[in-house]
Protein chains: 2
Amino acid sequence: MPAQDSWQAPEAVVSHGRCPDGLVSYLKETDDFRIVVHVFPDGDAIGSALALSLGLRAMGKRATVYTKDDIPQMFGYLPSVEDFRGITLIAETDTADATLIVVDCNSPQRAGLSEVRFKKTIVIDHHVTETDFGDIRWVKPDYPATGLMVYFLLKDLGVNITTEIATNIYTALCIDTGTFRFSNTTAETLQVAADLVNAGVNPSAVANYIYNTWSEARFLLLKNVLNSVEIHNKLAMTFITEAMLRETGARSEDSDNFVNFPIMIESVSVSALFKEIGPDKWKVSLRCQGDVDVSLIAREFGGGGHRNAAGFRITGSLVSIKQRLILSFSGG
Amino acid sequence: MPAQDSWQAPEAVVSHGRCPDGLVSYLKETDDFRIVVHVFPDGDAIGSALALSLGLRAMGKRATVYTKDDIPQMFGYLPSVEDFRGITLIAETDTADATLIVVDCNSPQRAGLSEVRFKKTIVIDHHVTETDFGDIRWVKPDYPATGLMVYFLLKDLGVNITTEIATNIYTALCIDTGTFRFSNTTAETLQVAADLVNAGVNPSAVANYIYNTWSEARFLLLKNVLNSVEIHNKLAMTFITEAMLRETGARSEDSDNFVNFPIMIESVSVSALFKEIGPDKWKVSLRCQGDVDVSLIAREFGGGGHRNAAGFRITGSLVSIKQRLILSFSGG
């Protein structure tokens, strides 16, 4: 990777639009882009990368999208999703004159990209920065989704927002805001969503793809997980064993979001989902609503995370781990 | 009720805003309003009525809200919800000079209101009209929610959209569009939602009130209902027995929306929820996704409804009813 050049932090640059002038002018005058998403890409990463590549291509540029891990099947409806290539294929192309754009993450490592040389590197991300990677960095943790940043960028670039671009961005917004239910939902998010629907997005079709395309195995796994619930005052614990995965035929990633179900209960403020990852080995995901800070609980167990979403890995007997968690929670 | 007067259908009236001129000018020049919602009021009815009453009161008018049935506890957060009075109390007031406004339904019968005389009657509703009741009728089935109509009406009346009014309207929109997931979600809906957030609505707080305030009993009932699932090709059947309600302590209305859970499964196109309402008596709710028309199935069993949501009541042994339904579905 090239060393950081003298390019100034974009936040300090005067922008006529939402985006740093330096980024907009660089994209305008450059022709060859390799866009990468983070490992285990989610809808924000995938939709943002596709929208950006479609926009740059509409400007007559070369823009290809790469991923280390498979695109989840549920995103098969995204326009141009078939363009994604395996990230190892980057090394097989001539990158010396190409620009790398890292989307929805802020380092090549998070994208699963090993040493490759590029002319320039760009970061577009709404996550708190872990590194100072990137010749041009546009990092905005106050944006609910990278998709929103890409929207403003394409507008500043003068790109016409086609239905294909709009569907990708709308999906990115939906995934990262829980379709406008999470606390990161702003008036601006809803305003842009309205613009995207005007551009041709079918909001209920997108919602159906996101929320109503469970496999039967996933549904059976949810049933088993809900059956496992143990409620101790404001703490709800649920469990996924390897046997449950075998019995239902579900994959481990099918349990995505299950930790949020017990949070629906008004009297529950913390939900802990235990996932068996080996003999006496557990991955515990924590979610909360209200004033609890689950990152504090996670840290007690050697883990970490955010106020509302945290987790840890632990080895030991389930009975004793549960006891420790109940004690930790009631003491907290 | 007064007879229909010579007032013209509002749809035929030129409107400078979204709303019929006749309605706007009448509300401006009139002072005393009684606003009623339909029986078993939902969030659209409740939020619309409260927003309208707050707006009219901000204009210096008298506007009181009435309901036949209790306001569901989950709507306790709505600003001024405590203003609702029992509908029988209308008769105890002097209504001869008052105007009745029927909100989110289109007849006094649907509001549970028996014979009372008013100076004028107004209907504001987005449902297909069943009757021609109302001296002034503003009925717009193409609007996703009555709340959206009330929003445009208040704007045309020059009312400042306070946070209190906005929270009521935002809730109305969320309830009737599944927080922007249903097929009635339009760009305009999202645009208005953005305006309401700008007016002070906290979108995640509203979503939490709507979706995350389940009782533990309701959660346990869901668990039992999911356990009861039987999947036959594209048909998923679930069951709520009286014993389940007793065991979990849940109320019958706690099963609202449960029929939609099996629809999450991609391979399931019809979900049928059987609710035991007496010995060998069942109320069956049907939902579908895709091209199936469940109203046809419901009609075969003497019921009715819409293409995507229908139902019927039936007496008989569960085994034989299930068999008939499976046959009916595979034949359809």
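None of the figures in this text is laboratory data; all of them are computed from the coordinates on show. Owing to the predicted nature of the structure, the values given are computational and were not obtained by experimental measurement. Backbone-built Cβ (ideal geometry, glycine too); neighbour counts: all protein chains shown.
Count the DSSP beta bridges whose two residues both fall in chain B, then state the antiparallel fraction as a percent rounded to the nearest 5.
Around 45 percent antiparallel, to the nearest 5.
Any idea what the A:Arg313 label distances to the other copies are, label 7 Å down the Cα→Cβ vector, nm, shortest first?
5.7
Would you mind classifying the protein assembly as shown by shape? Square roots of the alpha carbon gyration tensor eigenvalues, ordered a ≥ b ≥ c; an a/c under 1.5 is rounded, otherwise it is prolate if a/b is larger than b/c and oblate if not.
Oblate, since a/c reaches 1.5 and b/c is not below a/b.
Using all alpha carbons of the stretch A:216-331, what is the percent of pairwise distances in each 10 Å bin, ordered from the shortest bin to the longest?
Here the calculated profile for the stretch A:216-331 is 15, 50, 31, 4.
State the answer as a single residue: which of B:Thr238, B:Ser320, B:Ala145 lies farthest towards the positive end of the charge dipole of the protein assembly as shown, with beta carbon charges of +1 for Lys and Arg and -1 for Asp and Glu, about the Cα centre.
Farthest along the dipole direction, towards plus: B:Ser320.
Could you list which residues have their amide H under 5 Å from that of A:His232, counting only those 5 or more apart in sequence or on another chain, with H placed in the peptide plane?
Those qualifying (amide H under 5 Å, at least 5 residues apart or on another chain) are A:Met237.
Taking chain A as a Gaussian network, Cα atoms linked when under 10 Å apart, which of A:Ala63, A:Ala309, A:Ala45 shows the biggest mean-square fluctuation?
Its mean-square fluctuation being the largest, the pick is A:Ala309.
For A:Arg117, A:Arg181, what ranking results if the residue with the fewest other Cβ atoms within 10 Å of its Cβ goes first?
A:Arg117, A:Arg181
I'm a student and want to see the number: the projected area of the Cα convex hull of chain A, averaged over all directions, in nm².
Mean orientational projected area (chain A, Cα hull): 17.9 nm².
When DSSP beta bridges are limited to those with both residues in the stretch B:81-212, what percentage is antiparallel, rounded to the nearest 5? Write down the numbers at each step before the final one.
Values: 0 of 9 bridges.
Antiparallel bridges make up about 0 percent of those DSSP assigns within the stretch B:81-212.
What percent does the relative contact order of chain B come to when contacts are Cα pairs within less than 8 Å and at least six residues apart?
In percent, rounded to a whole number, it is 12.
When the helix-only estimate is applied to chain B (DSSP H runs of n ≥ 4, each -39,500 (n - 2.57), divided by the residue count), what is the mean residue ellipticity at 222 nm, nearest 500 deg cm²/dmol?
Working: 10 runs with 112 residues, N = 332.
Rounded to the nearest 500, it is -10500 deg cm²/dmol.
When the Karplus curve 6.51 cos²θ - 1.76 cosθ + 1.60 is applied with θ = phi - 60°, which whole-Hz ³J(HN,Hα) does each residue of the stretch B:39-45 get, with x for Gly and Pro?
4, 6, x, 9, x, 5, 4
Hey, what do the phi angles of the stretch B:187-204 turn into as Karplus ³J(HN,Hα) couplings, whole Hz, using 6.51/-1.76/1.60 and θ = phi - 60°, x for Gly and Pro?
4, 4, 4, 5, 4, 5, 4, 4, 4, 5, 5, 4, 7, x, 5, 9, x, 6
Expressed as an acute angle from 0 to 90° and rounded to the nearest 10, what is the orientation of the C-alpha long axis of helix A:163-177 relative to the principal long axis of chain A?
So the inclination is approximately 40 degrees.
Just subtract the alpha-carbon distance of A:Ser25 and A:Arg62 from 0.36 nm times their residue separation and send over the number in nm, one decimal.
Result for the pair: 11.7 nm of gain on full extension.
For the stretch B:22-68, just the Cα atoms, rotate onto the principal axes and tell me the three extents in Å, largest first.
The Cα atoms of the stretch B:22-68 stretch 32, 20, 15 Å along their principal axes.
Amide H of A:Trp214 versus every other amide H placed in the peptide plane: which residues, excluding those fewer than 5 positions away on the same chain, fall under 5 Å?
Residues meeting the criterion, in which the H sits 1.01 Å from N, are B:Ile265, B:Glu266.
Taking only pairs that are 8 or more places apart or on different chains, how many Lys pairs in chain A have Cα atoms under 23 angstrom apart?
So the count works out to 25.
How high is the relative contact order of the stretch A:194-294, given as a whole-number percent (alpha carbon pairs under 8 Å, six or more residues apart)?
With pairs under 8 Å counted, the relative contact order is 22 percent.
At A:Ile277, with labels set 7 Å past Cα in the Cβ direction, how many nm apart are the copies from this one, shortest first?
5.0
The stretch A:120-154 to the stretch A:261-332: how many Å between their Cα centroids?
One Cα centre to the other: 31 Å.
For the protein assembly as shown, give the share of DSSP beta bridges that are antiparallel, in percent and rounded to the nearest 5; count only bridges with both residues there.
In the protein assembly as shown, DSSP labels about 40 percent of beta bridges as antiparallel.
Kindly give the distances from A:Gly76 to its copy-mates, label point to label point, with each label point 7 Å from Cα along Cα→Cβ, as nm values to one decimal ordered shortest first.
Those label-point separations list as 4.6 nm.
Which of the peptides B:301-307, A:193-199 is most tightly packed, and how do the rest follow, judged by the mean count of other Cβ atoms within 10 Å per residue?
A:193-199, B:301-307
Taking H placed 1.01 Å from N in the peptide plane, check which residues at least 5 places from A:Ile277 or on another chain put their amide H under 5 Å from its amide H.
Here A:Trp282, A:Lys283 satisfy the definition.
When the Karplus curve 6.51 cos²θ - 1.76 cosθ + 1.60 is applied with θ = phi - 60°, which whole-Hz ³J(HN,Hα) does each residue of the stretch B:81-89 get, with x for Gly and Pro?
For the stretch B:81-89, the Karplus-derived couplings read 4, 5, 6, 4, 10, x, 5, 5, 6 Hz, x marking Gly and Pro.
Determine the shielding of peptide B:184-196 by partner chains: average, over its residues, the number of Cβ atoms on other chains within 10 angstrom of each Cβ.
Mean shielding count: 6.
Just need log10 I(q)/I(0) for the stretch B:230-276 at q = 0.19, 0.24, 0.29 Å⁻¹, Debye formula, equal scatterers on the alpha-carbon atoms, no solvent, rounded to two decimals.
-0.60, -0.83, -1.01
With the cut-off at 25 Å, report for the stretch A:138-248 the share of all Cα pairs above it, as a whole percent.
43 percent
Just how large is the dipole of the stretch A:136-265 about the Cα centre, in debye to the nearest 20, putting +1 at every Lys and Arg Cβ and -1 at every Asp and Glu Cβ?
140 debye
Mean separation of Cα pairs under 8 Å and 6+ residues apart, divided by the residue count of the stretch B:64-136: what relative contact order is that in percent?
28 percent
With r as the distance between the Cβ atoms of A:Ser317 and B:Asp280 and R0 = 51 Å, compute the FRET efficiency 1/(1 + (r/R0)^6) and round to 0.05.
That pair, B:Asp280 with A:Ser317, gives E of 0.60.
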